[in-house]
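Asks: I have a structure I would like to understand better, so I am pasting it below and will then ask my questions one at a time.
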Amino acid sequence: MTPTTIAAGVLLAGGVFFTFVAAVGLLRLPDIYTRAHGASKSDTLGAGLALAAVAVAFGGGLSSLKAGLLLVFMFITNPTAAHAIARAAADQGIDPWTADDHEGGDGE
Amino acid sequence: MADNDLLIPVADSETVRQTVSHAADRAQERDGTPTLHFVCPVSERPANAADSAAAAEAEALLDRVSVWATDDLGDDASRVAIETSLVGLDVYLFNPGDYADVFGAYARENGVTAVVLDPRFNPLGMAPLLPPLERELEAAGLTTELAPVERATRRGPITRSAGLGQFALLFGAAFGFYQLIATELTTVNLITGAITATIVAGVLRRVSTQGSVRPRRLVGRVGRMLVYAPYLLWEIAKANVAIAKVVLHPRLPIDPAVVEFDAAVWSELPATTLANSITLTPGTLTVDVTQRHFTVHSLTADARRDLLAGGLERAVRFVFYGRAAMRSATPSERGETPDGSVDSAGIDSAQSASRTDTNAGDSE
């Protein structure tokens, strides 16, 4: 167990956690807009942490740089896809779910 | 000949400019010598309507419209006639039927059979005018068409003029990226990279660059972008933790609402960067951007408050316009409030967000 392995392991665990949150969000959230939140954002951080783990595991150098580039592309494409989904939904005239639609949904 | 004519009711709306340019396009498609009839309804009581303030405003609008139309027609301006007229001066316009009657009468007098409607045409104010107006006009035997302006982006040409500077910039970026991916600087890589980069730069320089290349501004923006990236990452991480809490919370305490606001960013690239940053930050999702008007779906009241506190917007302004632009007012200070908050918690935070404009507190 080198420090590198431990660091990569911690990052990977974080990545798994946020990907898990994304999956839970997808199942629990009520409508397309809120699900787009859950699916796209936690996923970005989850995949981002996993890529960071890859970069650490490679121990610097060009391969790590490439992992960093992958991250950049994901940070550009992921919100674009989420935006496309949300806008398509809005164009279809789908009304966003609100707390009113759910009895007893008292906010914090 | 009158078959070629078009009737275009105009009123002051966000999309009137695009409607005019669509009408001009339609006129150019038609043979012969079509006439564009722009009519502006003046809803006023019959007595001395002609010299009222509303009539003066309408006249001014019609003047602008005919200048725009002449502009859009370009070379065809001599072939297409433009008529402008105030209508409804002698009647009291109250409901869609009244408007349809007035436009119908004008159409009959001038032998026009086709109407182009501005989707945002609504001189009545709040009540929806357009669908019933469309029906009434169709019933009166006129063909109607909505000008396609839903996405209120002006149709600019996709290509822009580009010179050596743009070519060099794209070539450099493509070549550098190629070598980075290739890992090794061998002769083969250098040659294939140069060929690839030449093709890329040659094909795309008119599409993917905008304006002239100003090296100092570019370096400044890239440098500030490097400052922005960690800030954005930190915001993303923070917000992700907050959303994870909400999603894993047994009661799922979400309070989604759509917020609309005008962002203080002024061109395509900053607006795109801001929109993507908003979407990346968990809890907020950009649904639509029209010019600088953002429609954002937010998951929680906290996410809304953060959005209108304007941290991201400020950071984007910093990247594109430099340090001085950071100090402009935040959305909440400009009086943008989250609309459509539903439960009491949402309204409370909405009010606290809008209240910050009274003490103008800098959030840092």
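The numbers here are math on the coordinates, done by the rules we state, and not lab data. A quick note: this is a predicted structure, and the numbers were derived from the prediction, not measured. Every residue, glycine among them, receives a Cβ derived from its backbone with ideal geometry; neighbour counts consider all protein chains shown.
Asks: Pairs of Cα atoms under 8 Å, at least six residues apart: use those to get the relative contact order of chain A, whole percent.
Replies: Averaging sequence separation for qualifying contacts and normalising by length gives 28 percent for chain A.
Asks: Give a residue-ordered list of calculated ³J(HN,Hα) values for region A:84-94 (Karplus: 6.51 cos²θ - 1.76 cosθ + 1.60, θ = phi - 60°; whole Hz; x for Gly, Pro).
Replies: For region A:84-94, the Karplus curve yields 4, 5, 5, 5, 4, 4, 5, 5, 6, x, 7 Hz.
Asks: Then there's this: List, in order, the whole-Hz ³J(HN,Hα) value for each residue of region A:42-59 obtained from phi through the Karplus relation with A = 6.51, B = -1.76, C = 1.60 and θ = phi - 60°; use x for Gly and Pro.
Replies: Karplus-based 3J(HN,Hα) across region A:42-59 equals 4, 4, 4, 5, x, 5, x, 5, 4, 5, 4, 4, 4, 4, 5, 4, 6, x Hz.
Asks: Pairs of alpha-carbon atoms within less than 8 angstrom and 6+ residues apart define the contacts here; what relative contact order does region B:2-146 have, in percent?
Replies: It comes to 34 percent, rounded to a whole number.
Asks: Going by Cα centres, region A:21-59 and region B:218-287 are how many Å apart?
Replies: Taking the Cα centre of each part, region A:21-59 and region B:218-287 sit 15 Å apart.
Asks: Another question about this same structure. Apply the Karplus curve 6.51 cos²θ - 1.76 cosθ + 1.60, θ = phi - 60°, to the phi angles in region B:187-198 and return the couplings in whole Hz, x for Gly and Pro.
Replies: With coefficients 6.51, -1.76 and 1.60, one gets 4, 4, 4, 5, 5, 4, x, 5, 5, 4, 5, 5 Hz.
Asks: Considering the zone a paramagnetic label at B:Ala54 would reach in this model (a point 7 Å from Cα along the Cα-to-Cβ line), which residues of region B:69-85 have amide N under 14 Å from it?
Replies: Inside the label zone: nothing.
Asks: Residues with amide H under 5 Å of B:Ile82's amide H, sequence separation 5 or more or different chain, H placed in the peptide plane at 1.01 Å from N; which?
Replies: So B:Ile82 has HN proximity to B:Leu36.
Asks: Now for a separate question. Please list, ordered by chain and number, the residues whose modelled amide H lies under 5 Å from the amide H of B:Val87; skip anything fewer than 5 residues away on the same chain.
Replies: Residues meeting the amide H criterion: B:Cys40, B:Val42.
Asks: Which shape class applies to region B:163-286: rounded if a/c is under 1.5, otherwise prolate when a/b exceeds b/c and oblate if not, where a ≥ b ≥ c are the square roots of the Cα gyration tensor eigenvalues?
Replies: prolate
Asks: Report the calculated FRET efficiency for A:Met74 and B:Arg64 (r = Cβ-Cβ distance, R0 = 60 Å), to the nearest 0.05.
Replies: With R0 = 60 Å, the Cβ-Cβ based efficiency is 0.85.
Asks: Hey, another quick one. Residue by residue through B:89-96, how many Cβ atoms from other chains fall within 10 Å of the Cβ on average?
Replies: Average neighbour count from other chains, rounded to a whole number: 0.
Asks: Can you give the mean number of other chain Cβ atoms that lie within 10 Å of the Cβ atoms in peptide A:89-100?
Replies: Counting Cβ atoms of other protein chains within 10 Å of each residue's Cβ and averaging gives 4.
Asks: Classify chain A as rounded, prolate or oblate, taking a ≥ b ≥ c as the square roots of the eigenvalues of its Cα gyration tensor: rounded when a/c is under 1.5, otherwise prolate if a/b is larger than b/c and oblate if not.
Replies: Judged from the Cα gyration tensor, chain A comes out oblate (a/c at least 1.5, b/c at or above a/b).
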